[in-house]
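For reference, the structure discussed in these notes is given below.
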Amino acid sequence: MVEYIKPWFDLLSELATILATLFIILAYRAYKISKKQLNLGTITRCIDYYRVHFVEIDTLTTNLKKMKSYLDFVNEELFYFENGYIINTVIYEWLDSMIDVLPIFNGKSVLNENNCNKIIIEQNLLKPNPRIKKAFTIVSEYNFDIIYSEQIINEKERKEMREKLFKEILKNLKK
């Protein structure tokens, strides 16, 4: 009788192993899909919020309340960058607009003083936002005339210089 039960037990054991493996594969796949949906939802929410509240933010914005709100929003976006919720192509696009507003530091001074919003510096608005200050404090040397150039002849060099800057900003977040 025991000899009759053993083959069935072995078959059930192998079947359970196969089912457990399939379950793990399906659970992992569901996790990946869920993560992608969460990331896409985060991106969509940020884009919608930006369009409604901050499309007109630039170096000339003087509304203190709006600028504080923008910095809170940027701080949140940097959190998403830091934790891998946003893909690099989207990060670079968002950083492209951030560097047109935010000051970039070298530890001692503002490097893009003519191309950032002065109210941020004058009102010391980055004090309650250390993540932003940390991310935008760089050590490498950059030609900011090229980074902010609007001339078509410098377009390729401008893009490469900005991308190098973006990589350093992201590296600063990961520290």
- request: Considering only the range 79-103, state which residues are in contact (Cβ under 8 Å) with a residue 40 or more places away in the chain, over 10 Å from the mean Cα position of the chain (by Cα) and buried (at least 17 other Cβ atoms within 10 Å of the Cβ).
  value: 99, 101
message: For the range 104-127, give me the residue count where each residue is out of contact with any strand residue (DSSP E or B) (no Cβ under 8 Å at 6 or more places or on another chain), within 19 Å of residue 65 (Cβ to Cβ) and either surrounded by 13 or more Cβ atoms within 10 Å (Cβ to Cβ) or touching a residue at least 12 places away in the same chain (Cβ under 8 Å) (or both).
response: 7
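Test residue 42 against the stated conditions and say whether it is surrounded by fewer than 10 Cβ atoms within 10 Å (Cβ to Cβ) and within 12 Å of the chain's Cα centre (by Cα).
Working: surrounded by fewer than 10 Cβ atoms within 10 Å (Cβ to Cβ): no; within 12 Å of the chain's Cα centre (by Cα): yes.
No: the conditions fail for residue 42.
Matching residues to (1) crowded, with 16+ Cβ neighbours inside 10 Å; (2) without any contact (Cβ under 8 Å) to a residue 40 or more places away in the chain:
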| site | (1), (2) |
| --- | --- |
| 131 | yes, no |
| 142 | yes, yes |
| 169 | yes, no |
| 175 | no, no |
task: Run down 59, 42 and say which single residue is assigned to a loop (DSSP other than H, G, I, E, B), in contact (Cβ under 8 Å) with a residue 24 or more places away in the chain and in contact with a helix residue (DSSP H, G or I) (Cβ under 9 Å, 6 or more places away or on another chain).
output: 59
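How many of the residues making up the range 26-39 are without any contact (Cβ under 8 Å) to a residue 40 or more places away in the chain and surrounded by 12 or more Cβ atoms within 10 Å (Cβ to Cβ)? Full working, then the answer.
Going residue by residue through the range 26-39, those that are without any contact (Cβ under 8 Å) to a residue 40 or more places away in the chain are 26-37.
Within this subset, residues satisfying the condition of being surrounded by 12 or more Cβ atoms within 10 Å (Cβ to Cβ) are 35.
Here the count works out to 1.
Inspect the range 65-73 for any residue being within 30 Å of residue 33 (Cα to Cα) and either part of a helix (DSSP H, G or I) or among the hydroxyl-bearing types (Ser, Thr, Tyr) (or both) and give the result as yes or no. Can you show your working first?
First pass over the range 65-73, keeping only residues within 30 Å of residue 33 (Cα to Cα): 72-73.
Now restrict to residues that are either part of a helix (DSSP H, G or I) or among the hydroxyl-bearing types (Ser, Thr, Tyr) (or both): 72-73.
Within the range 65-73, one or more residues are within 30 Å of residue 33 (Cα to Cα) and either part of a helix (DSSP H, G or I) or among the hydroxyl-bearing types (Ser, Thr, Tyr) (or both).
Here, each number is a calculation from the coordinates, and none is a lab measurement. If you're wondering where the values come from, they're calculated on a predicted model, not measured in any experiment. Neighbour counts run over all protein chains shown; Cβ positions are idealised from the backbone, glycine included.
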